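K.L.:
Structure incoming, see below.
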Amino acid sequence: MNISGNDNKRIEYTVRVLLCIAVVLVGRLFFLQIIDKSDLQAKNLSQVQVDRKLQSPRGTIYDRNGRPLAMSVVTKSLYADPKMIDRPIDEIADLIEPYVTMAKEDIVKSLQEDTAFVWIDRMMEPEKSKAIAQLIKEKKLKGLNFVEESKRYYPNGNLAAQVLGFVGTDDKGLDGLEMVLDDELKGGIQKELVATDRNGNAIFGSVLSKYLPDKGKSVTLTIDASIQFIAERALDKAMEDTGAKHASVIVMDPKSGEILAMANRPTYDPNHYSQSSDEAFKNIAVTNLYEPGSTFKPLIASAALASGKWKLDQVYNDKGAFVANGHVMQNWNGEGYGPVKLIDILKFSINTGMAEIGTTTGADILSKYVRDYGFGSTTGIELPGEGAGILYEPEDMSKLDVATMSIGQGIAVTPLQMVRAFGAVANGGKMMRPHIIKSYSNVKGDITSTTDPEVVGQPIPEETAKIIADILEKEVSEGGGSKALVEGYHFGGKTGTAEKLDTKRGGYLAGHYIASFIGFGPVEDPKFVVLVAIDDPQKGSIYGGQIAAPVFKNIMSQLVRYYQMSPSVKDGATVVASPVAKLPSVKPNSDGDVVLPDFRGYTFGAVRDWLHTAGLYFKPDGTGTAVSQEQPPGTVVSPGTAIVVQFSH
């Protein structure tokens, strides 16, 4: 086929045009991709991509047995691109308001913002996010979509709430261990571009499930969730029975310093912390300062014995009053006990005797031992807000100050400090540092570090600790702490009742008390130190022996079963309660007065229980079976009267 000259010219022209177009296109492409690259990318990203931070899940907090106390779960968070909304904003707000936490007016305000990304609701409940997703699908809503985020979850609700604390919406620990361990628990952060299609829907899918930065470490606590539950249930009953303003319990292993339980009331659910109050957030077992009252007396007595300033068999003739700097100090019942030894002074909580012991020992020596017990300094536990307490300086102490400190007044301590000190008495004089973190694990679950038991001092010798422990066992079995008695087991402890400090104006708050009991055991091989503090009881008794000691018994009765501990054994025989005849029931008159029965022939325990039920003070002489009584049968006595009964084997 012949091609004419005109055809050749047309072909040549066409080729030249195509070459010119190609040159223009290549030049434009070169300009866009090389020369104007950054400007083009910026314009593109502003239209279809949003920059956000991706936070991986926090590490899990476990109890000592591997049960999760705080964990992270994946939830959906709703966001909007206001520029992609193609319906009236009021209509969108009406549709989604029932399923989000934001009010309609706030939704409208957010959807009117001049931006490509606004949060509507973070970390939604599954049923709410599913409902929104169904709406988006059915109504073909544009500009609404979800991002998956990690949400903190506390599977046991309010269990150990003040210990654990809580986490804010931006994965920031805001209280408790969540705050203290925020750097360890928090996972890595990765910046992620959220790409959207022309309808504003994310095209990256579930970024959280596909790509995550490093997960946080896990932490195992010394807390036992079962013991924590026992302590909290006992506290709930105490709060109901007493109408108290606050209450707390600490359970510690005296040999290791491990905190097995730490409970406070009031409390809250960290899953819904925004619905609670600052008062419920306080871990008063660690932060609260109070006067320990009579629970401090065994520590003063141990200082006097260890220093050699007082002897175990030394006799004090109690006349019912002790005078210091013109101030008269009396016993709780206003009576004198006559010739008494240290065991009686502690067992019957004799203020005058303790004042004599304290002033005989002296300010310098007492202050040294009190500080050796750790008072005046924090314990160093891994929890926020710990108090150091308030002590006298020995050079500033008058005789009255010494006498006052000797009965647990005029100073301020924390519940945890008292547990640490009594742990030393239970542990042969060795004082352990309380701790609540057992170990850390990496993202693979391998343990990277552990907290070893740490001896932080020996405030008293082993023999002194044994003497005090034996006396405190008699306080429970024979004295004012009898309501803490667990049949078949030997526990030691001390009751306390103290007026509350007025932290605003100084002095005391009239009619406001803290009732407490602190004990340990079994005495032969102590496994637990337990403190019970009931703040401002409003119903019934105000005395620690009446309302705090039964909480101790409640907890210990369950712990011996939980640990499957055999009853105490002496000389190869199991110690059990003997069957006893029953005394006549207590029948008080309208004034609360009762008529004393004939106690002769009844056991020590039967007499003790009858007198405590009647609201009378039990002052036994000897042990075994009652043989006589100072107030004869038929005597009418008023509540609080001390009843002297002689016993013999």
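What follows draws every value from the coordinates through simple rules; no lab data is involved. Everything quoted here is computed from the prediction, not taken from an experiment. Reconstructed Cβ throughout: ideal geometry from the backbone, glycine too, with neighbour counts over all protein chains shown.
K.L.:
Apply 1/(1 + (r/R0)^6) to the Cβ-Cβ distance of Ser274 and Arg371, taking R0 = 45 Å, and write down the FRET efficiency to the nearest 0.05.
P.N.:
Efficiency computed from Cβ-Cβ geometry: 0.60.
K.L.:
Using the Cα centre of the chain as origin and beta-carbon charges of +1 (Lys, Arg) and -1 (Asp, Glu), tell me which of Leu416, Gln629, Val607 is placed farthest towards the positive end of the dipole.
P.N.:
Leu416
K.L.:
Run the reach check for Lys186 against aspartates and glutamates, Cα to Cα strictly under 12 Å, same-chain hits fewer than 8 apart removed. What comes back?
P.N.:
Result set, ordered by chain and number: Asp170, Asp171, Glu178, Asp214.
K.L.:
Would you list Glu463, Glu149, Glu125 from fewest to most Cβ contacts within 10 Å?
P.N.:
Glu463, Glu125, Glu149
K.L.:
To continue, here is another question. Residue separation times 0.36 nm, minus the C-alpha to C-alpha distance between Val636 and Ser585: what's the value?
P.N.:
Contour length minus the Cα-Cα distance gives 16.9 nm.
K.L.:
Given the Cα-Cα distance of Met565 and Glu91 and 0.36 nm per residue of separation, how much length would full extension add, in nm?
P.N.:
164.0 nm
K.L.:
Using Cα positions and a limit of under 19 Å, work out the aspartates and glutamates in reach of Lys140, with same-chain residues fewer than 8 apart set aside.
P.N.:
By straight Cα distance, Lys140 reaches Asp81, Asp86, Asp90, Glu91, Asp94, Glu97, Asp197.
K.L.:
While we're looking at this one, here's another question. Straight-line reach from Lys319: which aspartates and glutamates have a Cα under 20 Å away, not including same-chain ones fewer than 8 places off?
P.N.:
In chain and number order, the partners are Glu335, Asp344, Glu356, Asp621, Glu630.
K.L.:
Could you state the angle between the C-alpha long axis of helix 462-477 and the longest principal axis of the C-alpha atoms of the chain, as a value from 0 to 90 degrees rounded to the nearest 10?
P.N.:
In the chain, helix 462-477 runs at an angle near 80 degrees to the longest axis.
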